[in-house]
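Peer 1: One structure is given below, represented as structure tokens, and several questions about it will come after.
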Amino acid sequence: SGAGGVISTAPFNSISNQLTVSFWSKGEPGIGTRNTSILEGVTPSKQRTLNIHHPWSNSNIYFDCGNTGGTYDRINKVATAAELESWNYWTFTKNTTTGVMNIYLNGTLWHSGTGKTLPISIDSLHVGMNINSSNIYNGGIDELTIFNEELSQATIQAWMNKTIDNTHPNYAGLVAYYHFDEATGNVSNDASVNTQTTQFSSTPDWRFQRGENLLTRFIE
């Protein structure tokens, strides 16, 4: 927690009409009163095209995606302290053809919006903070995935507790996959076929979980 990283976006040129971002997160106590961005991406002209305030200081989770002429699409909803401060699995999807943006919590539709048709073009992306290295996310994040496709609710539910491999129905659309399992240093490796890296601005607070307490990917 408290350290942001720069994700290599070289493979992101395939993202334009559809997007799915998923991760496990657990905010620090009182995070509902803080201004945070768990990630933010901008266009080549440095305009916001992907942002998740997780949350803003009014306890709203804001999902911004797509941009034309400096205007971006947005949906938002107030989150409870339990939703923000416990380990939960969040998924954010956008489909510019249908105009639908969705937020799923643990595989259940939590919020949705329509008429959201602005295209997506990600040139730079920061995780754990905004693009200006501020609005730091105070909490833990795990299993970050980014797809250039809109995942179905059934697929989200089926895979939220499993390691993604080539049997995933959207595997060809997986552009970034970070386990955040390095446990040391300030670099995290991409487990997708693109094998990129995330460089953190400082050494993250790596945290350990006993096997019986793992939320995902536990193998007995």
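Peer 1: Go ahead and estimate [θ] at 222 nm for the chain from helices alone: -39,500 (n - 2.57) per DSSP H run with n ≥ 4, summed, over the residue count, rounded to 500.
Peer 2: -1000 deg cm²/dmol
Peer 1: What label, among (1) 7, 27, 28, 20, 11, 5, 2, 0; (2) 8, 30, 32, 18, 8, 3, 1, 0; (3) 9, 36, 41, 13, 1, 0, belongs to P(r) over Cα pairs in 10 Å bins from 0, in percent computed from the structure on display?
Peer 2: Of the listed options (1) 7, 27, 28, 20, 11, 5, 2, 0; (2) 8, 30, 32, 18, 8, 3, 1, 0; (3) 9, 36, 41, 13, 1, 0, (3) comes from this structure.
Peer 1: Something else now. Placing +1 on the Cβ of each Lys and Arg and -1 on the Cβ of each Asp and Glu in the range 28-128, which of Trp87, Ser37, Ser112 has its Cα farthest towards the positive end of the resulting dipole?
Peer 2: Ser112
Peer 1: Once a ≥ b ≥ c are taken as the square roots of the eigenvalues of the Cα gyration tensor of the range 52-133, is the result rounded (a/c under 1.5), prolate (a/b larger than b/c) or oblate (a/b not larger than b/c)?
Peer 2: Oblate, since a/c reaches 1.5 and b/c is not below a/b.
Peer 1: Now a separate question. Could you please state, rounded to a whole Å, how far the C-alpha centre of the range 86-165 is from the C-alpha centre of the range 29-72?
Peer 2: First find each Cα centre; the distance between them is then 12 Å.
Peer 1: About the Cα centre of the chain, what is the dipole size in debye to 20, counting +1 per Lys and Arg Cβ and -1 per Asp and Glu Cβ, all else neutral?
Peer 2: 480 debye
Peer 1: On a straight-distance basis, which lysines could pair with Lys26 in a cross-link, Cα separation under 20 angstrom, same-chain partners fewer than 8 positions away excluded?
Peer 2: Counting by Cα, and skipping residues close in sequence, Lys26 has these lysines nearby: Lys77, Lys162.
Peer 1: Tally up the carbon and sulfur contribution to the accessible surface of the chain as a whole percent, 1.4 Å probe, everything protein left in place.
Peer 2: On the way: 4490 of 9420 Å².
Carbon and sulfur atoms account for 48 percent of the accessible area of the chain.
Peer 1: Please work out how much length the chain gains when fully extended from Ser57 to Ser152, using 0.36 nm per residue of separation minus the C-alpha to C-alpha distance, in nm with one decimal.
Peer 2: 31.2 nm
Peer 1: Please give the per residue accessible area of the chain, computed with a probe of 1.4 Å over protein heavy atoms only, in Å².
Peer 2: Details: 9420 Å² over 220 residues.
Dividing the accessible area of the chain by its residue count gives 43 Å².
The values are calculated or read from the model by the stated rules, or taken from the named source; none is laboratory data. As the structure is a computational prediction, the values presented were derived from the model and not from experiment. When we count neighbours, we look across all protein chains shown, and the Cβ atoms used for this are built from the backbone with ideal geometry, even at glycine. When the accessible area is computed, the model is the full protein with side chains, heavy atoms only, and any ligands, DNA or RNA have been set aside. Shrake-Rupley method; radii C 1.70, N 1.55, O 1.52, S 1.80 Å.
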